[in-house]
Amino acid sequence: MLGKIAEWLKILVVLAFLWPVLVQCRGNIRHYKFNVMMTNVTRLCSTKPTVTVNGKFPGPTIYAREDDTLLIKVVNQVHYNLSIHWHGVKQLRTCWADGPAYIAQCPIQPGKSYVYNFTVTEQRGTLFWHAHILWLRATVHGAVVILPKHTLPYPFSKPKKEVVIILGEWWKSDVEAVVDEATQSGLPPNISDAHTINGLTGPVSTCSSQEGFNFLVEPGKKYLLRIINAALNEELFFKIAGHNLTVVEVDAAYVKPFETETILTAPGQTTNVILSTNHKNGKYSMVTSPYMDSPILVNNKAATATLQYIGTNNSSTTFTVSPARNATSIAFNFMDSLKSLNSKKYPAKVPIKINHSLFFIISLGLNPCATCYRGFRIVAAINNVTFVMPSVSLLSTHFFNKSGVFTDDFPGNPQNAFDYTGVPPENLRTMEGTKLYRLEYNSNVQIILQDTGLLSPENHPMHLHGFNFFVVGRGKGNFNPKEDSKKFNLVDPVERNTINAPSGGWVAIRFRANNPGVWFFHCHLEVHTTWGLKMAFVVNNGNGPNESLLPPPKDLPKC
């Protein structure tokens, strides 16, 4: 009898020792509640009712550890239909929780709720969440911080502290009214009135009393800054006076560390940097300003914040000069420096054998509109297809095999070839339709994203839901398949979920289609998405339940 008790005690001791490891393997369940509500917010010496989450702008930060399951209940208390997208989360087999309205779900109607249920798998780093309907993400957004497993520490020295920095835009007017006016006229919407750092503009000429974000630091320490571009329509530079930044991660994927004075981040992109506080005292300006190397109107006002060393009180602030709006050399130097870590723990699994070789031209166009200014409206297209949003969920349509909502004949190549970055064709009309492109499970995909000179060349930050991809090449002018493909980096290309298709140039990406569902692919400039610069991939189920889309949750919103 005593022998059996001793054996049981030994088993209990072993279990007690292994329990933390077992918990880490399966992860924890984390609960969050998002109350989407109207809140009066004052910026630029003006107050307006604003759509917020839990009354905050920006919204609350979601914290998780790799392998954790998140249950996030979203309660819609505003008069808009609503959905939330967990930008960059791969959503393996849980496309129902991805969030884009009318793609992965019907929106949450006023007075209703929905629980987003997903597990964070094979990811760690900084991502973010935002509304994915209308232009509500202007104020409905926040950070997602995914901590690594306890057994996999950072591949760099642990910082003293981590700080989330969210870059954004602010309109004094109601944003949805701005969009409605533009839709009726067929012209571009009014640009924003200010940029923000963690929701604050800092002092501006029209409102000197406007406060800015203030960040206290100790000298001789290292801080991890998790920088998120939550702006709607502008790529942004970011820099801190007197301090260099060491880039260690982008879009929740580690990179080979490199030092820079200025970072570039497009809407939808995230960048983690190490800040070394190598000054003894003082205040230093943090600034974000737009990057635009095309003749496109942007908000050229910079937002400012302050890096303040503890013990510094009344000393003057050291300022920095923002890069020129068209500082293409700074932008390109930054992008060229990004390489995957490609270590033993974090290999760069670049697809080599390609099953689908796609060539997507990105363009603006003009379609007839009897009620619009001058009888036409500006539209946008991929391979001359302006995407038409359905009135029901594409994912449900696919899962239940319903017909009549979409076709899977999206063109993999341009229907009419021309000099894409040269003289544009006279006909600027586009084809309108809800067309998707179908992929077999586990197929390898290459996409060449080619900008065009139709109306105007412009950078396009393209975001792919459900996957990370590798950026294997980039260049100016028209893509040359024979010459440019020879220069592809298939060893350590940067891994991202959002990439800039450069103005008057091209970028090449590769990914493995190992996630069943319907996955949105669109420009993350909200104005271009509104104009139709979007499409979606249908990824078929593989073999067996572990390679198949899970069934829809019971509380999935209905249209």
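The values are calculated or read from the model by the stated rules, or taken from the named source; none is laboratory data. Computed from a predicted structure; not experimentally measured. Quick reminder, even Gly has a Cβ in these numbers, built from the backbone with ideal geometry, and neighbours come from all protein chains shown. With ligands, DNA and RNA removed, areas are computed over all heavy atoms of the protein, side chains included. Shrake-Rupley method; radii C 1.70, N 1.55, O 1.52, S 1.80 Å.
The table below gives the values:
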read-out: Cβ pairs under 7 Å, 6+ apart, first in region 333-353 and touching a residue at least 60 places away in the same chain (Cβ under 8 Å), second open to solvent by 70 Å² or more (accessible area, probe 1.4 Å) and of a type in the set (D, E, K, R); value: K339/K256; L341/K256; P351/R512
read-out: Evaluation of G202 against (1) in contact with a Phe, Trp or Tyr (Cβ under 6 Å, 6 or more places away or on another chain); (2) of a type outside the set (F, W, Y); (3) buried (at least 21 other Cβ atoms within 10 Å of the Cβ) (one fails), failing number; value: (1)
read-out: Close pairs from region 39-60: first in contact (Cβ under 8 Å) with a residue 12 or more places away in the chain and in a strand (DSSP E or B), partner open to solvent by 30 Å² or more (accessible area, probe 1.4 Å) and of a type in the set (G, A, S), Cβ under 9 Å, at least 6 apart; value: T39/G55; K48/S173
read-out: In region 287-332, the residues that are closer than 16 Å to L167 by Cα, in a loop (DSSP other than H, G, I, E, B), open to solvent by less than 40 Å² (accessible area, probe 1.4 Å) and without any contact (Cβ under 8 Å) to a residue 60 or more places away in the chain; value: none
read-out: Identity of the residue in region 373-424, assigned to a strand (DSSP E or B) and among the aromatic types (F, W, Y), that ends up nearest to P461 (Cα to Cα); value: F387
read-out: Residue among L134, L147 that alone is under 24 Å from S393 (Cα atoms), surrounded by fewer than 23 Cβ atoms within 10 Å (Cβ to Cβ) and hydrophobic (A, V, I, L, M, F, W, C); value: L134
read-out: Region 267-286 residues that are over 24 Å from T201 (Cβ atoms), paired with ones that are outside any strand (DSSP E or B) and among the β-branched types (V, I, T) (beta carbon under 8 Å, 6 or more apart); value: N281/T312
read-out: Residues within region 61-77 that are of a type in the set (D, E) and either open to solvent by 20 Å² or more (accessible area, probe 1.4 Å) or part of a strand (DSSP E or B) (or both), tallied; value: 1
read-out: Selection from region 524-540 of residues that are in contact with a Phe, Trp or Tyr (Cβ under 6 Å, 6 or more places away or on another chain) and either under 20 Å from I228 (Cβ atoms) or modelled with pLDDT under 95 (or both); value: E526
read-out: When residues of region 462-482 are limited to those that are over 30 Å from P100 (Cβ atoms) and basic (K, R), the one least open to solvent (accessible area, probe 1.4 Å); value: K476
read-out: Given (1) within 23 Å of F400 (Cβ to Cβ); (2) open to solvent by less than 10 Å² (accessible area, probe 1.4 Å); (3) in contact with a strand residue (DSSP E or B) (Cβ under 7 Å, 6 or more places away or on another chain), index of the condition A101 fails; value: (3)
read-out: Members of region 33-68 found to be charged (D, E, K, R) and farther than 19 Å from Q210 by Cβ, listed by number; value: K33, R65, E66, D67, D68
read-out: Residue match in region 213-231 (condition: free of Cβ contacts under 8 Å to residues at least 60 places away in the same chain, of a type outside the set (D, E) and surrounded by fewer than 18 Cβ atoms within 10 Å (Cβ to Cβ)); value: yes
read-out: Cβ pairs under 7 Å, 6+ apart, first in region 87-99 and within 18 Å of P267 (Cα to Cα), second open to solvent by less than 10 Å² (accessible area, probe 1.4 Å) and among the charged types (D, E, K, R); value: G88/D251
read-out: Residue that is surrounded by fewer than 21 Cβ atoms within 10 Å (Cβ to Cβ) and either in contact with a Gly (Cβ under 8 Å, 6 or more places away or on another chain) or β-branched (V, I, T) (or both), where the choices are N497, N442; value: N442
read-out: Qualifying positions in region 384-416 - under 14 Å from I361 (Cα atoms) and either out of contact with any strand residue (DSSP E or B) (no Cβ under 6 Å at 6 or more places or on another chain) or open to solvent by 50 Å² or more (accessible area, probe 1.4 Å) (or both); value: N384, P411, N413, Q415, N416
read-out: Verdict on V350 being open to solvent by less than 40 Å² (accessible area, probe 1.4 Å), in contact with a strand residue (DSSP E or B) (Cβ under 9 Å, 6 or more places away or on another chain), under 30 Å from K149 (Cα atoms) and assigned to a loop (DSSP other than H, G, I, E, B); value: yes
read-out: Which listed residue, of L556, L525, is surrounded by 21 or more Cβ atoms within 10 Å (Cβ to Cβ) and within 29 Å of N81 (Cα to Cα); value: L525
read-out: Test for D419: is it open to solvent by 60 Å² or more (accessible area, probe 1.4 Å) and under 15 Å from K534 (Cα atoms); value: no
read-out: Region 413-425 residues that are under 12 Å from L454 (Cβ atoms), paired with ones that are surrounded by 12 or more Cβ atoms within 10 Å (Cβ to Cβ) and aromatic (F, W, Y) (beta carbon under 6 Å, 6 or more apart); value: P425/F418
read-out: Any hit, region 379-401, residues being more than 30 Å from S340 (Cα to Cα) and over 27 Å from the mean Cα position of the chain (by Cα); value: yes
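Residue-by-condition table, conditions (1) in contact with a strand residue (DSSP E or B) (Cβ under 7 Å, 6 or more places away or on another chain); (2) of a type in the set (D, E, K, R):
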site: K283; (1), (2): yes, yes
site: T288; (1), (2): yes, no
site: S294; (1), (2): no, no
site: A305; (1), (2): yes, no
site: I310; (1), (2): yes, no
site: N313; (1), (2): no, no
site: T320; (1), (2): yes, no
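Yes/no matrix, rows are residues, columns are (1) modelled with pLDDT of 95 or more; (2) of a type in the set (S, T, N, Q):
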{"site": "P20", "(1), (2)": "no, no"}
{"site": "M38", "(1), (2)": "yes, no"}
{"site": "T52", "(1), (2)": "yes, yes"}
{"site": "L70", "(1), (2)": "yes, no"}
